[in-house]
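A quick write-up on the structure given underneath.
The values are calculated or read from the model by the stated rules, or taken from the named source; none is laboratory data. Remember, it's a predicted structure, so these values are computed and weren't measured experimentally. Methodologically, a virtual Cβ is constructed for each residue, glycine included, from the backbone with ideal geometry; neighbour enumeration extends over all protein chains shown.
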Amino acid sequence: MCGIVGYIGHRDASTVLIKGLKRLEYRGYDSAGIALINGELAYRKGKGKVANLERVLKNDSLSGKLGIGHTRWATHGEPNDINSHPHLSESGNVAVVHNGIIENYTTLKKQLTERGRVFQSQTDTEVVCQLIEEIYHSSPNITFEQAIRLALKQIVGTYGLAIIHKEIPDTIFIARKGSPLLLGIGDNEMFIASDASPIVEYTKRVVYLDDGEIAIVTKNSYRVKTIDDVPLTKEVHELAISLDAIEKAGYPHFMLKEIFEQPRSISDCMRGRINPENGTVLLGGIEDIIDKLVNARRIIIAACGTSWHSALVGEYLFEQLAKTPVEVEYASEFRYRDPLIGKGDVLLVISQSGETADTLAALREARNKGALVLGICNVVGSTIARETDAGVYTHAGPEIGVASTKAFTAQVIVLIMMALELGQRKGILTRQKMKEYIIELSRIPSKVEYILEHIDEEIKNLAALFTYAPNFLYLGRSYNFPVALEGALKLKEISYIHAEGYPAAEMKHGPIALIDEMMPVVVIAATDHTNDKMISNIEEVKARKGRIISIMNDDNPEVKKLSEFCISIPSTLDCFSPLLTVIPLQLLSYYIAVNRGCNVDQPRNLAKSVTVE
Ligand code: F6R
């Protein structure tokens, strides 16, 4: 949420910052701005996307070799020009870009106003630059760096910050608490960003800032220290992502590219981890703690949004394949009910970005209470990945479309592999059973490929018919109940159509009242062991004249007979079925959103990495 960039070196800073902001735009697109020092401290900023800012800069350019930039997802203060970042101190000497929330900003603002400071915006961020400047001016002996550290001690909340001062034209100051920041080390140049995507084009050497740390960055040096001035030696990491992975590669949208990447992302996720010949799974990331996982009393899985849906699939998987009790929690609710969790329990958090504030908070709560904390993340080196005791990366590659697609299937693959490994170690799955599962698992990428090749046109036609439907209902049972939730979420978030997902039988307890001849009902009828019950549910919809769209296996004549539209997909084991059934639903929401003229990759009000609670 909100993207931050910074540059210092020999290139034109404006160009580097704008390019970086475009790559970070998935984090928020309410407004964009940059500030540069070139003798003077100058800035351009305004409501809307980075493209608007770029247009402004064409007529009114800024030049310089040092600067900071920001793309905003609004929290405090409506998205308008004044509330756009960078924010400047009263003198105009200090500029700040911020990602996070300053929780005590009203108190600080009141105190600063009483002391005569005049504020321009409604944002919490402006407090930061005003406070730093006030402290800096309060004593002739204080350095700017000291002023920043003192100000940060007064701030309650979360921040990723990049700060510049007109009279210190060779330095960018950055600080982190709760919002990600990394530093890219180039050759006589340094890059700062909220994630690696703006950096990877220039350098692969990065330093991740941790909470409570600040860094003082010049073009050929960086010093990292704690907020209490204790110097730190930080590890330099090598980025594994490539530039190709963060570009559209000819697709009109990142979301479509990411949907079509799934045969590969699923294979990448399994590579080197499953062995169909001898029926084994080996997940290096959890090898050291595997005995604790085997002996766990229960697993609690916490996540948000799409990752929460994969957590629900995980519940079915762990209970069926490994006979381990599982509870699934909304990460945002977990810590507010003083959860009963402790030694002997495992909290498994799932997060594509590895930065979701609520998921991170759940992790910290469980760790403080003595639980073993494991993670499934996509972004390597992300905060959640670093704070968990152990974990498994999904290796799905960068996901840039705001609506999560390939991250979901990769998360489910990891959950399957974990459940299988656990089932095997607990002696629940025989070697023969393991082989059968793994052989079928290794066929999933080609089945996904088959679906993508064969149903794309069909789904486009279906999308054309239902583009202007005001509501949609999604029904599923067992493993496909979470897929019903996921299908509904995909549709509402990118096409703004109201949609609900339900366990098919639960429909009778209320939502059935919504069904009439106008209501499209997407039925995910591809789970063998609930087929008969599902057929009864479809009959119930049909009796009320609902328009039935079934996602089903090729050989299901009963479902076919009852449905107005059928999307046939290859069959697989019930427990792997979400990996296939979700694909038509992703495409359906995509094509409906495109038909409605929605901005698929950047839906309104959303941001990809939700770093506020
Ligand atoms: C939906 C979507 C969100 C995320 C949620 C969690 O398409 O993308 O619901 O799934 O914000 O994000 P992560 O997985 O990064 O923790």
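Details
- Residue match in region 394-417 (condition: aliphatic (A, V, I, L, M), away from the ligand (no atom under 13 Å from the Cβ), over 20 Å from the mean Cα position of the chain (by Cα) and not assigned by TED's automatic domain parsing to the domain that holds ARG205): yes
- Among residues of region 346-364 that are of a type in the set (D, E, K, R), those with a Cβ under 6 angstrom from a residue that is more than 9 Å from the ligand (Cβ to nearest atom), sequence gap 6+ or separate chain, pair up as GLU355/PRO180; GLU355/THR383; GLU355/THR611; ASP358/SER332; ASP358/GLU613.
- Note on region 342-361: residues that are in contact with a helix residue (DSSP H, G or I) (Cβ under 7 Å, 6 or more places away or on another chain), part of a helix (DSSP H, G or I) and within 11 Å of the ligand (Cβ to nearest atom) total 3.
- Inspection of region 437-456 identifies at least one residue that is free of Cβ contacts under 8 Å to residues at least 60 places away in the same chain, farther than 16 Å from HIS309 by Cβ, assigned to a helix (DSSP H, G or I) and more than 16 Å from the ligand (Cβ to nearest atom).
- Taken together, ALA331, ALA303 contain a single residue that is free of Cβ contacts under 8 Å to residues at least 40 places away in the same chain and within 16 Å of the ligand (Cβ to nearest atom), which is ALA331.
- Hits in region 343-357 (condition: closer than 21 Å to ARG298 by Cα and modelled with pLDDT under 95): LYS343, GLY344
- Selected residue [farther than 28 Å from TYR7 by Cβ, within 31 Å of the chain's Cα centre (by Cα) and in contact (Cβ under 8 Å) with a residue 12 or more places away in the chain] from VAL156, VAL127, VAL97, VAL118: VAL156
- Within region 486-494, not a single residue is more than 16 Å from the ligand (Cβ to nearest atom) and either at pLDDT 90 or above or charged (D, E, K, R) (or both).
- All positions within region 387-410 that are touching a Gly at 6+ places or on another chain (Cβ under 8 Å) and touching a residue at least 60 places away in the same chain (Cβ under 8 Å): ALA390, GLY391, VAL392, TYR393, SER404, LYS406
- From the list GLY69, GLY64, the lone residue that is touching a residue at least 60 places away in the same chain (Cβ under 8 Å), touching a helix residue (DSSP H, G or I) at 6+ places or on another chain (Cβ under 9 Å), assigned by TED's automatic domain parsing to the domain that holds LEU152 and surrounded by 19 or more Cβ atoms within 10 Å (Cβ to Cβ) is GLY69.
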